[in-house]
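Data first, discussion second: the structure below is written as structure tokens.
The values are calculated or read from the model by the stated rules, or taken from the named source; none is laboratory data. Just so it is clear, the structure is predicted and the values come from calculations on it, not from any experiment. Cβ: placed from backbone, ideal geometry, glycine included. Neighbour counts: every protein chain shown.
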Amino acid sequence: MTLIDDKSINTTPISSLGEFGLIERLTKDFKCENKSTIKGIGDDCAVFKGAKNYKLLSTDMLVEGVHFDLSYTPLKHLGFKAVAVNVSDICAMNGRTSQLTISIAVSNRFSVEALDELYSGIKLACKEYSIDLVGGDTTSSLSGLVISVSVLGEVDPKKITYRDGAKVNDLLVVTGDLGAAYFGLQLLKREKEIFKENPNVQPDLSGHDYALNRQLKPEAPVKYLKILEELSITPTSMIDISDGLSSEALHISKASNVGVSLQENKIPIDYTIMNLASEFNLNPIAYALSGGEDYELLFSINQKDYDKLKKDPDFTIVGYVTDISVGNNFIATDGSIHPLTAQGWDGMKEQ
């Protein structure tokens, strides 16, 4: 048996589809046949019937050279991040993580002590989010380190939140602030290049703790779900911000069959990131929209819930939901309106 790679027939590069286009193409003919399956492909998690609550399942993979660079990523931080980014998917369904499995493929350049360090970060995250590590797999790799994480969680069927529930006139809300992880990555890349040119020069990362932490050790947005519960708010739709605000807003638009409008002057950016953006001569709004890896939440709420959260600094109303005929728009500070496009990071496209 051989792989089809005949130059005489038309072939489509994977990069032309991107991650989500590829997933849609490969899975379009798969239908859920089991009655216990509530939701399959197309959201942050798959959803299954449980004895009382719905069960949630999500999986993610981190590949050396694609998702992380070990020249500036401590293994302990990487272990924590591998767990946190998966917990974020459970949060996007308004759920709570309970168990996880970790599988790794590792090359012979890694020592046992190095893997101990990786798993110390995993253990720290499990303790932080009250998760049990219940299994996994290990194998060898010819191309560095690969980490695959599967997380299990649960959610009250009355509170589960999908991407497809946004309604016209809903408000769009984000947690925390955006763009910091991208600028943390730019800092690390810059110092790496300087070091490559002159190994005697020590990295200068002082004063940039916030951006670096957001890149190297992101926190899952668990705390926001507790606040929403205290405020008696159940979002109408929700997604975690892993690929950039614009990309996630468009996912909600497509799933809910609505239009979305984002307002430039409402997008929350930490003041330290504003300063860092000036240092790099980059527009912070552009990278809040497209930088990715913030692992905050984007969700929609009914306008009747506005008064409940309008004074809470954890949440920022960044836009609103419209009829699909209005399209997806970005409203600049000067009032001009532009089509909203997804330019976030995509592991399947050429970067």
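Tabulated data for the structure shown
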quantity: Set 194, 241: member being among the β-branched types (Val, Ile, Thr) and without any contact (Cβ under 8 Å) to a residue 12 or more places away in the chain; calculated: 194
quantity: Residue within region 262-278 that is exposed (fewer than 13 other Cβ atoms within 10 Å of the Cβ) and hydroxyl-bearing (Ser, Thr, Tyr) present; calculated: yes
quantity: Condition met for residue 125 (in a helix (DSSP H, G or I) and over 17 Å from residue 144 (Cβ atoms)); calculated: yes
quantity: Pick from region 61-92, criterion of a type in the set (Asp, Glu) and under 20 Å from residue 190 (Cα atoms), ranking: surrounded by the fewest Cβ atoms within 10 Å (Cβ to Cβ); calculated: 69
quantity: Residue match in region 174-197 (condition: modelled with pLDDT under 95, among the β-branched types (Val, Ile, Thr), in the same structural domain as residue 307 (by TED's automatic domain parsing) and surrounded by fewer than 13 Cβ atoms within 10 Å (Cβ to Cβ)); calculated: no
quantity: Qualifying residue in region 274-297 (condition: assigned to a helix (DSSP H, G or I), free of Cβ contacts under 8 Å to residues at least 24 places away in the same chain and small (Gly, Ala, Ser)); calculated: yes
quantity: Count of region 18-60 residues which are part of a strand (DSSP E or B), of a type in the set (Val, Ile, Thr) and surrounded by 14 or more Cβ atoms within 10 Å (Cβ to Cβ); calculated: 3
quantity: Candidates 95, 153, 136, 144 - the one that is surrounded by fewer than 16 Cβ atoms within 10 Å (Cβ to Cβ) and touching a residue at least 24 places away in the same chain (Cβ under 8 Å); calculated: 136
quantity: Of residues in region 198-224 being farther than 18 Å from residue 121 by Cα and charged (D, E, K, R), the one modelled with the highest pLDDT; calculated: 223
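A quick yes/no check of all residues on (1) at pLDDT 85 or above; (2) under 18 Å from the mean Cα position of the chain (by Cα); (3) at positive phi:
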{"residue": "21", "(1), (2), (3)": "no, yes, no"}
{"residue": "26", "(1), (2), (3)": "no, no, no"}
{"residue": "31", "(1), (2), (3)": "no, no, no"}
{"residue": "36", "(1), (2), (3)": "no, no, no"}
{"residue": "45", "(1), (2), (3)": "yes, yes, no"}
{"residue": "48", "(1), (2), (3)": "yes, no, no"}
{"residue": "60", "(1), (2), (3)": "yes, yes, no"}
{"residue": "68", "(1), (2), (3)": "yes, yes, no"}
{"residue": "71", "(1), (2), (3)": "yes, no, no"}
